[in-house]
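Report on the structure given below.
The values are calculated or read from the model by the stated rules, or taken from the named source; none is laboratory data. Remember, predicted model here, so these are calculated numbers, not experimental data. Quick reminder, even Gly has a Cβ in these numbers, built from the backbone with ideal geometry, and neighbours come from all protein chains shown. What goes into the accessible areas is simple: the full protein's heavy atoms, side chains included, and nothing from ligands, DNA or RNA. Shrake-Rupley method; radii C 1.70, N 1.55, O 1.52, S 1.80 Å.
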There are 2 protein chains.
Amino acid sequence: MKTISENRCFGGTQGVYSHSSEATGTEMTFGLFLPEEAQHGPVPLLWYLSGLTCTHENAMVKSGAQAWAAQQGLAVVFPDTSPRGEGVADDAAYDLGQGAGFYVNATETPWAPHFKMWDYITSDLPQLLFSEFAVDEDRQAITGHSMGGHGALTIAMALPDRFRSASAFSPITNPSVSEWGRKQLTAYLGEDEDTWGRHDATIQMRERGFDGPLLIDQGASDQFLDKLIPEALASAMMARRQTGHFRMQKGYDHSYFFVASFMEDHVNFHAEALYA
Amino acid sequence: MKTISENRCFGGTQGVYSHSSEATGTEMTFGLFLPEEAQHGPVPLLWYLSGLTCTHENAMVKSGAQAWAAQQGLAVVFPDTSPRGEGVADDAAYDLGQGAGFYVNATETPWAPHFKMWDYITSDLPQLLFSEFAVDEDRQAITGHSMGGHGALTIAMALPDRFRSASAFSPITNPSVSEWGRKQLTAYLGEDEDTWGRHDATIQMRERGFDGPLLIDQGASDQFLDKLIPEALASAMMARRQTGHFRMQKGYDHSYFFVASFMEDHVNFHAEALYA
């Protein structure tokens, strides 16, 4: 592991690190905020998965998460959204390839060799974090924005007992049927739609749900509502009687100004579950 | 005036606008956060002046100011740091020319035609803001970071009664003697150092001081301490018995992680003065 930078931040440390990932076969970069409390022992860990076009950096500098995480004594990890670098496949479109990993293990050409973001987020990066930093494997929560909201929800439901709480900001909720989804799931996983189900939060909610509290925020003036389909997930949540809140926020769009506006609520929501 | 974007943010609006400036003779861009309260009448206005290499955007997306400004019902304006565009002089160095206006009215070639940032910040932009937005001319405060801290302090002291409070994050305090300063004041104002004095916060503090409370935060691990010279301003403040706090913050560097960490304190400090 290589330390790229460490900045003092809200009494703790905002670090950026890189490491060689077995899952992706590439060097991967991530941000990690550790609150002051981490100097005295392991602290709970909140995962923040980012959206299309983002790197580890966007939420780290724009979401304001550190202010609230410091208050609550939580660590926050900001992974990258795809493998990158020479020899890694890419596409000219902003929503496929580098910056658009969709948190799946690709099986199709040319993506299969490196696009293993599911394994990276669920296995490789956790192993590194729990061996190298003062973060507590038994107290994890997960959130994300847009494509990262999709990742947070599908991963949380697939791994019962790993995350005590899950949340999302304007998540892609039903990629099997939406424009942000069908294209990428076809490219990464192939045309057999049976392989897509575990990567569709609405389908997962219908079939199994999540074993903790959920919080979803969605801007009512989001310019991508037709690609996010909040009604699909909300309907599935309520049909299942899933414990959780689905909030439609008047006037907000898809930007980080929206994420930042409700970050305090999400951090406090997770803190409540993590310290219960 | 042209609206470039408006995003809902912490119950208010984060806007970006451009307008034709008489002072600079160019199109200028600025960010303006208006809290929800601005829908019902003029609200107090906090100026945030940015540092070297920044545009209107950096603090707007990285400082987290909106969270605290929304709580306090304050507007925050984020001006650009220099004129820009075709026909505007520039320099290959990051610390001269575009992105490095130093908040002076340049008198020297090639800068004189457009580099009138003093007039832009003290006259042009205020006129626009008070005619176009629900902000209260009688309740203004000012802050800034690095070169912007220099601008905030020198402008606040030069215009008694305009700002009820002033603050700065790691300001350039004594540009007449430091590497960030001598080069630019020579380039913009010429070699007669008598013209520099009004643009040196330490000299202004010695000669006149500020007619309200001051708050200065400086990171003790700032990589640019030799260019900022916090001891010069602190000494001048205390020698004058200037009402104010000068805080040296252990472990923090020059980055926006430092600014964000203490933004709540600064916004609350200004709110106290603005609502007194």
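List the pair-distance distribution P(r) of segment B:19-118, using every Cα-Cα distance, as the percent of pairs falling in each 10 Å bin from 0 up to the bin containing the longest distance, rounded to whole percents.
16, 41, 27, 13, 2
Around residue A:185, what is the net charge, scoring Lys/Arg as +1 and Asp/Glu as -1 over all other residues with Cβ under 14 Å from its Cβ?
Local charge sum for residue A:185: -4.
Shape verdict for segment A:193-232, please, from the Cα gyration tensor: rounded (a/c under 1.5), prolate (a/b greater than b/c) or oblate.
Here segment A:193-232 falls in the oblate category.
Which value in deg cm²/dmol, rounded to the nearest 500, describes the helix-derived mean residue ellipticity at 222 nm for chain B, given -39,500 (n - 2.57) per DSSP H run of n ≥ 4 and division by the residue count?
Value at 222 nm, helices only: -9000 deg cm²/dmol.
Evaluate the relative contact order of segment B:1-141 (contact order divided by residue number), counting alpha-carbon pairs under 8 angstrom at least 6 apart; express in whole percent.
26 percent
Percent relative contact order of segment B:76-124, based on C-alpha pairs within less than 8 angstrom and at least six residues apart?
About 34 percent, as a whole number.
Any idea of the total accessible area buried by the A-B contact, 1.4 Å probe, rounded to 100 Å²?
Separately minus together, A and B give about 1800 Å² buried.
Quote the Stokes-Einstein diffusion coefficient, in whole µm² s⁻¹, for segment B:98-174, based on the Kirkwood radius over alpha carbon pairs, a temperature of 20 °C and a viscosity of 1.002 mPa s.
My calculation gives 162 µm²/s for D.
How many percent of the alpha carbon pairs in the protein assembly as shown exceed a separation of 42 Å?
So the portion of pairs separated by more than 42 Å is 25 percent.
So which chymotrypsin sites (Phe, Trp or Tyr not before Pro) in segment B:1-39 end up in coil per DSSP with only 13 or fewer other C-beta atoms within 10 Å?
Here no chymotrypsin sites (Phe, Trp or Tyr not before Pro) fit, given the DSSP loop and packing criteria.
Filter the chymotrypsin sites (Phe, Trp or Tyr not before Pro) in segment A:207-276 down to the DSSP loop ones having no more than 15 other Cβ atoms within 10 Å, then list what survives.
Answer by residue number: A:275.
Quick one: label points 7 angstrom along Cα→Cβ at residue A:86, distances to the other copies in nm, smallest first?
3.9
What number, in percent, do you get for the relative contact order of chain A if the mean sequence gap of Cα pairs under 8 Å and at least 6 apart is divided by its residue count?
Relative contact order, chain A: 17 percent.
Grab the other residues whose beta carbon is less than 14 angstrom from that of residue A:216, score K and R as +1, D and E as -1, and report the net.
-2
Check the axis relating chain A to chain B and name the residue of A whose C-beta is nearest, distance in whole Å.
Nearest-to-axis residue on chain A, with distance in whole Å, is A:64, 2.
Suppose you put the label 7 Å out from Cα in the Cβ direction; list, shortest first and in nm with one decimal, how far residue B:275 is from each other copy's label.
Nearest first, the other copies' label points are 2.5 nm away.
Over 13 Å, how big is the tail of the calculated P(r) for segment A:7-65, in percent of all Cα pairs?
68 percent
For residue A:193, place a label point 7 Å from Cα along the Cα-to-Cβ direction in every copy; what are the distances to the other copies, in nm, shortest first?
7.7
Could you give the distance between the Cα centres of segment B:74-120 and segment A:218-276, to the whole Å?
If we compute the Cα centre of each part, the gap is 42 Å.
Evaluate Rg over Rh across segment A:45-193, taking Cα atoms for both radii and Kirkwood's formula for Rh.
Looking at segment A:45-193, the ratio lands at 0.96.
Within chain B, what percent of beta bridges assigned by DSSP are antiparallel, to the nearest 5?
If I count the DSSP bridges inside chain B, around 50 percent turn out antiparallel.
Once you sort the root eigenvalues of the Cα gyration tensor of segment A:154-234 as a ≥ b ≥ c, which label holds: rounded (a/c under 1.5), prolate (a/b larger than b/c) or oblate (the other case)?
Oblate is the answer for segment A:154-234, as a/c is 1.5 or above yet b/c matches or exceeds a/b.
Looking only at other chains, what is the average number of their beta-carbon atoms within 10 angstrom of each beta-carbon in A:29-37?
0
Could you tally the net charge around residue A:249, taking each other residue with its Cβ under 13 Å from the Cβ of residue A:249, Lys/Arg +1 and Asp/Glu -1?
Computed value for this residue: -1.
How much accessible area per residue does the protein assembly as shown have, in Å², with a 1.4 Å probe?
Here the per-residue accessible area is 37 Å².
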